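Q: The structure is given below, and queries will be raised subsequently.
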2 protein chains.
Amino acid sequence: MSKDTIPYKIYLEENEMPKAWYNLRADMINKPAPLIHPGTHQPMTLEDLSPVFCEELCKQELNNTDPFIEIPQEIRDFYKMYRPSPLVRAYCLEEKLGTPAKIYYKFEGNNTSGSHKLNSAIAQAYYAKQQGLKGVTTETGAGQWGTALSMACSYFDLDCKVYMVKVSYEQKPFRREVMRTYGASVTPSPSETTQIGKKILEEHPGTTGSLGCAISEAVEVATSTPGYRYVLGSVLNQVLLHQSIIGLETKAALDKYGIVPDMIIGCAGGGSNLGGLIAPFMGEKIKGNADYRIIAVEPASCPSFTRGRYAYDFADTGMVCPLAKMYTLGSGFIPAPNHAGGLRYHGMSPVLSQLYDDGLMEAIAVPQTEVFAAAEEFARVEGILPAPESSHAIKVALDEAKKCIETGEEKTIVFGLTGTGYFDMVAYEKYHDGIMDDYVPTDEELEKYFETLPPIE
Amino acid sequence: MSKDTIPYKIYLEENEMPKAWYNLRADMINKPAPLIHPGTHQPMTLEDLSPVFCEELCKQELNNTDPFIEIPQEIRDFYKMYRPSPLVRAYCLEEKLGTPAKIYYKFEGNNTSGSHKLNSAIAQAYYAKQQGLKGVTTETGAGQWGTALSMACSYFDLDCKVYMVKVSYEQKPFRREVMRTYGASVTPSPSETTQIGKKILEEHPGTTGSLGCAISEAVEVATSTPGYRYVLGSVLNQVLLHQSIIGLETKAALDKYGIVPDMIIGCAGGGSNLGGLIAPFMGEKIKGNADYRIIAVEPASCPSFTRGRYAYDFADTGMVCPLAKMYTLGSGFIPAPNHAGGLRYHGMSPVLSQLYDDGLMEAIAVPQTEVFAAAEEFARVEGILPAPESSHAIKVALDEAKKCIETGEEKTIVFGLTGTGYFDMVAYEKYHDGIMDDYVPTDEELEKYFETLPPIE
């Protein structure tokens, strides 16, 4: 098709927007392994999960059978405030590269949370409200998830308690203030507000905290305060379900113009964005209706797919959550200070882990400075200043588009641009000043962390 | 019309986007007073302006006759990357307020510059490129204009030298890094790179700079370096012309659904956003084809419309630029540390000044804490975190919508939401912590500044 036919940005009309989420698990031949109880090692039941998570979300977590789950009207109304997100044809980038490839990206950054996280935050807040809860608790590292959740809670008039890793609380005051603008209470973790927080502060006075510790505090508050539950922004099956809105919109926009992608590329931390983006495409691939290359991109500093083990592991460093079977570097793994905060998780979504193990998708690990070089190249022609996380996908999309220059192939590349980098300028500054590191763990270091894996078959 | 008929967001199709800017001056009965030469006090000619500004832009500056000026295809292609901007129906806000009013806002923040500034930056960069220039210079305070210009120059492969007020350079490193990402060179002003900078540093060692000083440095570099010109992001007639894209899109979107606004509200600093938003509506009003209330909102701390004088004044504190007849507080006016950096200009666009003097529009000055209260109220229901500048318009739109609750009138309110507040979280933090001030200048203080007005009839 010509430039005149396919617009720069494809927006769906309101009546073309998805009315149901797509539950890829229903169509998977090999289902993802169930979460198991940390004490009994038995699959987690609805009863096991309900004290921690909202009931409807527990059901979604365990649902491996229904391919479509209706999106409640209230959530669809909220989606209308910032969705559909545009599917952008990167005409400027194609021209600048001189590639015969056709490049599209699904841009999820045009909302105040700055990322796709809002898609699941609003769903989780909705079900909490439906259950008559007073509020929810969560942890946040860099602050994207916390921001998204505070926006969602504000909309449904729910209390929102965010435990923010202390070092981020102090070094990233802007994200904290965005959360406060939406009425969330933000507590630096570890804190004196919980038993576990007090214990950690006693044992490690002056600690700047960790995500594992913040999770433990958020879970303690949720399970010990009447009317509260805990919510999480990635890894879980329910989160991938909600994020399928990304892939469904992408596919609807492509179908509208008869475009069939050759490859779909996304960054992968816990897997929420990638799992959502690829869901409907992977469904077709599993059914044999189409054959797409599907590529996960992760940081070389935290390579769970490319160098991890597929095993049961603790989902959190505090070891209070259920165990999940996933590609993991070991829950004791301490990632290097890589600036893509959202990709520093030691494990990976059980759904994506199973698909990867089944050979249905590929994974590539890329070093940080190359990611920032790609980010800058992209920003200068497409305008959008990408988040470091999203830029992992950009890096591989650019590489693939450049290959097409050599081969002359007119491949159609779709990638997920999960968010903007406005709150990541410290990382960009390091890149500009040439002081960004490219730390990659050695095999010996990884072996040491694998020893922390629990002995479960 | 019902909620089902008018979507949450009205996007124009590519073929519905404006192909020409609207030059309101052509339809004004009383034309804006011409710029005059600081030495001779004679109207500035093309020859006077050309050493400072690009030739085509000088022609646009002086053009009071052509109602439409075609938008070059290259600029229209760039516009397609981030335009059309959505006209949003604020259903959520209306419901939360319980108002019978119908509220719409034109949102200009979905681009990396975070504001409408990009609309003129890309036009000015284009004409510089067309003229065969090597680069452009400019000044920036908070950094929005500098960011927009660096994006535009990057797209056309032009060099971009930004003089950034030193205090902002040091206190707002994030904006600086965004500009560097787009390849601009950013120099803290005053600097050793110019004669005027050296002189100021000698006279005032340790000064943290001012916008006036940064303008002087940028103009010196532009006029003394072959292949360079100076560009400016507000006040000028040419800037209002480019910004008419905002109003043209707004009107096209409203017309598409048969919506006729009762009032149009915008914030006013130098006037670039307001002038652009209201242009086609004001054109109709002048011709007697429609009657809209048009309201400019300014900070009570910098009240050029509501408490200023309509007189010839220096456009810059350095007194190197031509003089303009405008509502002004005097070029010596030092605004309070109000956080809406973009609204701290002592004067006002000559076009808007003439329209205000002719009684064709109203002006309201609002105090800062009320503006932030409105910003937070808006953010919590509409999702978008607004810039402090934009929030001035929100404040008055909310007040008008609340009046409709009392009167029962179903007024249609349109306001301009010029940008996002992601880089303004220090101001939000002060608001949250209750330490934001509401300084308003006394009559005595204003009288003192009026004495700096040049004695020109």
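Q: If you count only protein heavy atoms and use a 1.4 Å probe, how large is the accessible surface of A:GLU47, to the nearest 10 Å²?
A: Its heavy atoms expose roughly 130 Å² to the probe.
Q: Here's a follow-up. Taking a probe of 1.4 angstrom, what is the accessible area of B:THR442 in Å², to the nearest 10?
A: B:THR442 exposes around 60 Å² with every protein chain in place.
Q: A 30 angstrom limit on the alpha carbon distance is what I want to check against. Which of B:LYS106/B:LYS403; A:LYS256/A:LYS325; A:LYS96/B:LYS117 exceed it? Provide the component values of the computation, followed by the final result.
A: Working: B:LYS106/B:LYS403 22 Å; A:LYS256/A:LYS325 38 Å; A:LYS96/B:LYS117 24 Å.
Pairs exceeding 30 Å: A:LYS256/A:LYS325.
Q: Can you list, shortest first in nanometers, how far A:ASP157 lies from the same residue in the other copies, with each label 7 Å from Cα toward Cβ?
A: Output for A:ASP157: 5.8 nm, nearest copy listed first.
Q: Karplus couplings for segment B:258-270 from phi (6.51 cos²θ - 1.76 cosθ + 1.60, θ = phi - 60°), rounded to Hz, Gly and Pro as x?
A: Couplings: x, 9, 10, x, 8, 8, 10, 10, x, 7, 9, x, x Hz.
Q: While we're on this one: What value, in deg cm²/dmol to 500, does the helix sum -39500 (n - 2.57) over DSSP H runs of n ≥ 4 give at 222 nm once divided by the residues of chain B?
A: On the way: 18 runs with 191 residues, N = 457.
It comes out at -12500 deg cm²/dmol, rounded to the nearest 500.
Q: Further question: What is the distance, in nm, between label points placed 7 Å from the Cα along the Cα-to-Cβ direction at A:THR306 and at A:ASP255?
A: Here the answer is 3.4 nm between the modelled labels.
Q: Moving on to the next point. What distance in nm separates the simple spin-label points at A:VAL440 and B:GLU445, each placed 7 Å from Cα in the Cβ direction?
A: Distance between label points: 6.0 nm.
Q: For B:VAL426 and B:ALA336, what is the calculated FRET efficiency with R₀ set at 22 Å and r taken between the beta-carbons, to the nearest 0.05?
A: Calculated value: 0.90.
Q: Could you put A:ASP255, A:ASP291, B:ASP262, A:ASP313 in order of accessible surface area, largest first, with the 1.4 Å probe and the full protein assembly present?
A: A:ASP291, A:ASP255, B:ASP262, A:ASP313
Q: May I pose another question? List the residues whose amide H sits under 5 Å from the amide H of A:CYS267, counting only those 5 or more places along or on another chain, with H placed 1.01 Å from N in the peptide plane.
A: Answer set, sorted by chain and number: A:VAL297, A:ALA393, A:GLY416.
Q: Using alpha carbons only, how many angstrom separate the centre of segment B:179-228 from the centre of segment B:53-84?
A: 28
Q: Loop-only trypsin sites (Lys or Arg not before Pro) in segment A:250-297, please: DSSP not H, G, I, E or B, and at most 16 other Cβ atoms within 10 Å.
A: A:LYS287
Q: So what are the ³J(HN,Hα) numbers for segment A:191-201, from phi and the Karplus equation (6.51, -1.76, 1.60; θ = phi - 60°), rounded to whole Hz, Gly and Pro as x?
A: Per residue, the Karplus-derived 3J(HN,Hα) values read 10, 8, 7, 10, 5, 5, x, 4, 4, 5, 5 Hz.
Q: Using the alpha-carbon atoms, what tilt in degrees (0 to 90, nearest 10) does helix B:211-224 show relative to the longest principal axis of chain B?
A: 60
Q: Taking a label point 7 Å from Cα toward Cβ, how far is A:GLU410 from its twins in the other copies, in nm, shortest first?
A: In nanometres, ordered from closest: 5.1.
Q: How big is the Kirkwood radius of segment B:23-157, worked out from every pair of different alpha carbons and given in Å to one decimal? Walk me through the intermediate numbers first.
A: Numbers: mean 1/r = 0.0566 Å⁻¹.
In segment B:23-157 this quantity evaluates to 17.7 Å.
Q: Could you order B:TYR104, B:TYR257 so the one with the most accessible surface comes first? Probe is 1.4 Å.
A: Numbers: B:TYR104 5, B:TYR257 55 Å².
The residues order as B:TYR257, B:TYR104, largest area first.
Q: Separate question: When DSSP beta bridges are limited to those with both residues in chain B, what percentage is antiparallel, rounded to the nearest 5?
A: In chain B, DSSP labels about 35 percent of beta bridges as antiparallel.
Q: May I pose another question? Straight-line reach from A:LYS198: which aspartates and glutamates have a Cα under 20 Å away, not including same-chain ones fewer than 8 places off?
A: Those aspartates and glutamates meeting the cut-off are A:GLU139, A:GLU170, A:GLU217, A:GLU220, A:ASP316.
Q: Right, next: If you count the DSSP beta bridges with both ends in segment A:198-354, what percent of them are antiparallel, to the nearest 5?
A: Within segment A:198-354, antiparallel bridges account for around 55 percent of the total.
Q: Please compute the average number of Cβ atoms from other chains found within 10 Å of each residue's Cβ in peptide A:75-84. Present the calculation step by step, with values, prior to reporting the outcome.
A: Working: counts 0, 0, 5, 2, 1, 7, 10, 8, 2, 2.
Across A:75-84, the average partner-chain Cβ count within 10 Å equals 4.
Q: Taking a 1.4 Å probe, which of A:ARG176, B:ARG76 shows the most accessible area, and what order do the others take after it?
A: Largest to smallest exposure gives the sequence B:ARG76, A:ARG176.
Q: Starting from the 7 Å offset along Cα-to-Cβ, what nm value, one decimal, do you get for the label separation of A:ALA373 and B:GLU14?
A: Once both label points are built, they end up 3.2 nm from each other.
Q: Within 10 Å of each Cβ in A:86-93, how many Cβ atoms from other chains are there, averaged over the peptide? Each step should come with its number before you reach the end.
A: On the way: counts 3, 0, 3, 1, 1, 3, 5, 0.
For this peptide, the per-residue mean of nearby foreign Cβ atoms is 2.
Q: For segment B:397-457 and segment B:87-102, what is the separation of their Cα centres, given in Å?
A: Spelled out, the Cα-based centre of one part sits 21 Å from the other.
Q: On to the next question. Hey, what do the phi angles of segment A:343-358 turn into as Karplus ³J(HN,Hα) couplings, whole Hz, using 6.51/-1.76/1.60 and θ = phi - 60°, x for Gly and Pro?
A: Going residue by residue, I get 10, 9, 7, 6, x, 7, 2, x, 4, 5, 4, 5, 4, 5, 5, 7 Hz, with x marking Gly and Pro.
Q: With every atom except the alpha carbons ignored, what do you get for Rg and Dmax of chain B, in angstroms?
A: Looking at chain B, its Cα Rg and Dmax stand at 20.8, 66 Å.
Q: Something else: Can you give the FRET efficiency for A:ASP433 and A:ILE405, using 1/(1 + (r/R0)^6), R0 = 22 Å, r = Cβ-Cβ distance, to the nearest 0.05?
A: The pair A:ASP433/A:ILE405 has a calculated efficiency of 0.10.
Q: Quick one: net charge of B:MET44's neighbours, Cβ under 13 Å, K/R +1, D/E -1?
A: Summing Lys and Arg as +1 and Asp and Glu as -1 gives -1.
Q: Something else: Hey, in chain A, which Cys have no second cysteine's beta-carbon closer than 4.7 Å?
A: Lacking a cysteine Cβ partner under 4.7 Å: A:CYS54, A:CYS58, A:CYS92, A:CYS213, A:CYS267, A:CYS302, A:CYS321, A:CYS404.
Q: Here's a follow-up. Could you calculate the FRET efficiency of B:GLU95 with B:THR207 from 1/(1 + (r/R0)^6), where r is the beta carbon distance between them and R0 is 51 Å, rounded to 0.05?
A: Calculated transfer efficiency: 0.50.
Q: Kindly compute the accessible surface that chains B and A hide from a 1.4 Å probe when together, both sides summed, and give it to the nearest 100 Å².
A: The buried area between B and A, both sides summed, comes to about 4100 Å².
Q: To continue, here is another question. Considering amide H positions built from the backbone, and no H for Pro or chain starts, which residues 5 or more places from A:LEU385, or on another chain, come under 5 Å of its amide H?
A: Those qualifying (amide H under 5 Å, at least 5 residues apart or on another chain) are A:GLY421, B:THR112.
Q: Mind grabbing the accessible area of A:CYS213 for me, 1.4 Å probe, Å², rounded to tens?
A: Only protein atoms counted, so the area is about 10 Å².
Q: Kindly work out what percent of the DSSP beta bridges joining two residues of the protein assembly as shown are antiparallel, to the nearest 5.
A: Bridges in the protein assembly as shown are about 35 percent antiparallel.
Q: May I ask for the net charge around A:ASP159, where only other residues with Cβ less than 13 Å from the Cβ of A:ASP159 are counted and Lys, Arg are +1 while Asp, Glu are -1? Can you show the working numbers first?
A: On the way: positive: A:LYS129, A:LYS134, A:LYS161, A:ARG229; negative: A:ASP157.
It works out to a net charge of +3.
Q: Count charges around B:THR99 for me, please; just the other residues with Cβ under 12 Å from its Cβ, Lys/Arg as +1, Asp/Glu as -1.
A: On the way: positive: B:LYS96, B:LYS102, B:LYS402, B:LYS403, B:LYS411; negative: B:GLU94, B:GLU95, B:ASP399, B:GLU400, B:GLU406, B:GLU409, B:GLU410.
Net charge around B:THR99: -2.
Q: Given bins 10 angstrom wide, list per bin the percent of all Cα-Cα distances in the protein assembly as shown, short to long.
A: Histogramming the protein assembly as shown at 10 Å steps yields 2, 12, 22, 25, 19, 12, 6, 2, 0, 0 percent.
Q: For A:ILE294, which sequence-distant residues (separation of 5 or more, or a different chain) have an amide H within less than 5 Å of its own amide H, given hydrogens modelled in the peptide plane?
A: For A:ILE294, whose amide H was placed from the backbone, the distant partners under 5 Å are A:ILE264, A:GLU362.
Q: Something else: Considering every residue in B:367-379, what mean count of other chain Cβ atoms within 10 Å of its Cβ is obtained?
A: 1
The values are calculated or read from the model by the stated rules, or taken from the named source; none is laboratory data. Here the structure is a predicted model, which means the values were calculated and not measured. Positions of Cβ are backbone-derived with ideal geometry, glycine not excepted, and every protein chain shown enters the neighbour counts. The accessibility values were calculated without ligands, DNA or RNA, using every heavy atom of the protein model including side chains. Shrake-Rupley method; radii C 1.70, N 1.55, O 1.52, S 1.80 Å.
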